[in-house]
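Have a look at the structure below, then the notes.
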Amino acid sequence: MSKPLLVFDMDGVLVDVKESYRETIRATVNHFCGKVPSHEEIQHYKNLGGYNNDWLLSQRLCQDYGRDIAYQEVVDTFNRYFFGSSDTPGLMEKERWLPLPGLLERLADRFALAIFTGRLRDEAQITLRRFAADIPWLAVVGDDDVARSKPDPDGLVQLRARGEIVFYLGDSVDDAKAGRDAGLPFVAITAPGGNFSGLPVAHYLDNINELESIL
């Protein structure tokens with residue numbers, strides 16, 4: 001008999017991205033506008049929903065500062081800061097893995113583990129190879145694997161076809177909406193300033209290392 005699934009978002013759940021993705025947003029906006037958005041400004045849009053895509057959020061923040069930058073130009077600049085170059089380390093290298101040693105290994109004894117992330121799949125795999133190469137992920141569903149991005153539940157619908165999903169764990173409003181629209185129990189890993197008002201949340205956890213307490 002197949003194991004039930006636990007499905008994880010990545011950013012803010014498995015990976016601390018404050019010094020990587022969040023700083024890349026700030027660097028990108030500063031590049032175009034000469035102003036650095038605060039973490040509170042970034043979190044404001046994350047709380048609103050619809051800004052799971054950090055390229056889109058960077059473009060929106062530029063608009064707030066009076067600059068209308070073409071989307072592809074934002075993407076290219078963002079990626080230079082994030083991935084770096086042969087002589088300049090990218091901010092991606094500042095990511096920090098959140099699960100404590102042994103957590104995912106213990107979970108994998110009882111559950112199949114999968115990921116549904118707003119990252120592109122290859123980009124997610126870079127981080128997984130760095131931090132969790134020995135974890136037997138059943139599937140990794142990235143933004144390029146779905147017809148419609150979060151908060152649409154396409155990725156969760158794909159994974160639900162692989163088996164019974166116990167929980168979808170995420171840290172954003174868009175994650176919660178995807179879980180709701182897929183009809184799945186959602187566990188909120190609460191980011192500072194996160195607001196899940198009006199959304200169905202099965203459990204709130206301060207961080208991923210508390211997960212075993214609800215299983």
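The values are calculated or read from the model by the stated rules, or taken from the named source; none is laboratory data. The shown structure was predicted, so the numbers you read here are calculated from the model rather than taken from an experiment. We place every Cβ from the backbone using ideal geometry, glycine too, and count neighbours over all the protein chains shown. Surface accessibility is based on the protein's heavy atoms, side chains included, excluding ligands, DNA and RNA. Shrake-Rupley method; radii C 1.70, N 1.55, O 1.52, S 1.80 Å.
Of the strands (runs of 3 or more DSSP E) lying entirely inside the stretch 147-215, those carrying at least 1 residues that are modelled with pLDDT of 95 or more and aromatic (Phe, Trp, Tyr) are 165-170, 186-189. Only residues that are over 30 Å from Val157 (Cβ atoms) and in a loop (DSSP other than H, G, I, E, B) were counted in the stretch 1-56, giving 7.
Of Asp134, Asp171, Asp122, all but one fail to be closer than 24 Å to Ala108 by Cβ, surrounded by 22 or more Cβ atoms within 10 Å (Cβ to Cβ) and among the charged types (D, E, K, R); the exception is Asp171. The single condition among (1) of a type outside the set (Asp, Glu); (2) more than 20 Å from Leu98 (Cβ to Cβ); (3) over 17 Å from the mean Cα position of the chain (by Cα) that Ile214 does not satisfy is (2).
Within the set Glu164, Glu212, the sole residue that is touching a strand residue (DSSP E or B) at 6+ places or on another chain (Cβ under 9 Å), surrounded by fewer than 22 Cβ atoms within 10 Å (Cβ to Cβ) and at negative phi turns out to be Glu164. Taking the conditions exactly as written (modelled with pLDDT under 95 and β-branched (Val, Ile, Thr)), does Ile25 satisfy them or not? Answer is no for this residue.
Let's see how each residue does on (1) surrounded by fewer than 21 Cβ atoms within 10 Å (Cβ to Cβ); (2) under 30 Å from Arg160 (Cα atoms); (3) among the aromatic types (Phe, Trp, Tyr):
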position: Lys3; (1), (2), (3): yes, yes, no
position: Met10; (1), (2), (3): no, yes, no
position: Glu23; (1), (2), (3): yes, no, no
position: Thr28; (1), (2), (3): no, no, no
position: Pro37; (1), (2), (3): no, no, no
position: Gln59; (1), (2), (3): no, no, no
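Just so you know, in the stretch 61-102 the residues that are under 21 Å from the mean Cα position of the chain (by Cα) and among the small types (Gly, Ala, Ser) include one that is most open to solvent (accessible area, probe 1.4 Å), and it is Gly84.
Checked against (1) out of contact with any strand residue (DSSP E or B) (no Cβ under 9 Å at 6 or more places or on another chain); (2) open to solvent by 70 Å² or more (accessible area, probe 1.4 Å); (3) without any contact (Cβ under 8 Å) to a residue 60 or more places away in the chain; (4) not β-branched (Val, Ile, Thr), Gly183 passes all but a single condition, namely (2).
Table: residues versus (1) at pLDDT 95 or above; (2) among the β-branched types (Val, Ile, Thr); (3) assigned to a loop (DSSP other than H, G, I, E, B).
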position	(1), (2), (3)
Thr77	yes, yes, no
Asp87	no, no, yes
Leu104	yes, no, no
Ala114	yes, no, no
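Name the residues in the stretch 186-198 that are surrounded by fewer than 17 Cβ atoms within 10 Å (Cβ to Cβ), under 18 Å from the mean Cα position of the chain (by Cα) and of a type outside the set (S, T, N, Q), would you? Passing the criteria: Pro192, Gly193.
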